[in-house]
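Bear in mind these aren't lab numbers, they're just calculated from the coordinates by the rules spelled out. Quantities reported herein were computed from a predicted structural model and do not represent experimental measurements. Counting neighbours? That spans all protein chains shown, and the Cβs are built from the backbone with ideal geometry, glycine included.
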Amino acid sequence: MSLRETLARVDADLAAGRVPVARQRLRGLVSSFPYDLTLRRRLAEVYRLYGDAAEAGRWMYLEEDRDADETAAFEARYGSPEWRMRALAWRGPEGMAATAFAEGQLVAVRTACAEELGHPVDWDDPASYRDGLEAEYEAPSLPRTVGGVLAGVGCLVGALAFLAVWVNGVVALFD
């Protein structure tokens with residue numbers, strides 16, 4: 001499917017209220033076209049619908065007109081340069097960036113990561129900056145959602161009901 005067709009589907013998904021589907025499509029497009037800042041901006045807009053400032057800041061990080069609060073939320077959630085390199089999902093040289101500001105941001109993140117790790121890192125070699133991620137930093141925690149909590153409670157109630165029926169059956173065997 002072409003970029004244009006996928007974007008048309010994103011628009012249709014958003015118009016129909018299928019925000020998670022639109023988000024997934026845009027994430028796939030950003031993965032396929034990491035240099036396209038317009039796709040990153042669209043993904044940030046979808047995360048704003050969720051009220052997730054950190055993810056909106058993540059996808060607007062390379063834009064000069066980004067929101068300072070979203071940027072701060074992104075930097076707080078992804079607290080190290082290594083996590084930021086991973087989160088930005090960039091591939092290739094910084095020179096491929098569409099704007100000088102984006103290039104400067106990418107260079108700054110890569111340089112900070114290299115200084116912190118004490119060796120050169122490369123966007124195309126994730127092993128060069130992911131080696132110490134698990135040891136030094138916790139994975140960013142995402143906020144719990146009402147739907148997630150309700151799903152967990154529903155599973156617990158279902159398991160308890162199953163256990164009650166099973167115990168009742170065992171007791172009935174010995175009556």
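Counting Lys and Arg as +1 and Asp and Glu as -1, what is the net charge of the other residues whose Cβ lies under 11 Å from the Cβ of Trp123?
Overall, the nearby charge balance is -1.
Grab the Cα-Cα distance for Cys155 and Glu5, subtract it from 0.36 nm times how many residues apart they are, and report the gain in nm with one decimal.
Computed gain between Cys155 and Glu5 is 50.2 nm.
With label points built 7 Å along Cα→Cβ from the Cα atoms of Asp122 and Val146, find their separation and express it in nm.
4.9
Please give the peptides 164-173, 1-10 ranked by average Cβ packing (other Cβ atoms within 10 Å per residue), highest first, as a rough proxy for protection.
Descending mean neighbour count gives 1-10, 164-173.
Please list 3J(HN,Hα) in residue order for the stretch 23-28, calculated via the Karplus relation 6.51 cos²θ - 1.76 cosθ + 1.60 where θ = phi - 60°; whole Hz, with x for glycine and proline.
After applying 6.51 cos²θ - 1.76 cosθ + 1.60, I find 4, 4, 4, 5, 4, x Hz.
Work out how much length Met96 to Ala12 would gain on full extension: take 0.36 nm times their residue separation and subtract the Cα-Cα distance, in nm to one decimal.
Stretched fully, the Met96-Ala12 segment lengthens by 27.2 nm.
Based on the Cβ-Cβ distance from Gln24 to Arg130, what FRET efficiency comes out when R0 is 25 Å, to the nearest 0.05?
Efficiency at R0 = 25 Å is approximately 0.60.
For the stretch 52-175, what is the relative contact order in percent, using Cα pairs closer than 8 Å and at least 6 residues apart in sequence?
Answer for the stretch 52-175 is 19 percent.
Against the longest alpha carbon principal axis of the chain, how many degrees, from 0 to 90 and to the nearest 10, is the axis of helix 146-173 turned?
Approximately 30 degrees, to the nearest ten.
Residue by residue through the stretch 7-15, what is 3J(HN,Hα) from phi via Karplus (6.51 cos²θ - 1.76 cosθ + 1.60, θ = phi - 60°)? Round to whole Hz and write x for glycine and proline.
5, 5, 5, 4, 4, 5, 4, 5, 5
Quick one: the Cα spread of the stretch 1-153 along its three principal axes, in angstroms, biggest first?
Each principal axis gives a Cα extent; for the stretch 1-153 these are 48, 41, 29 Å.
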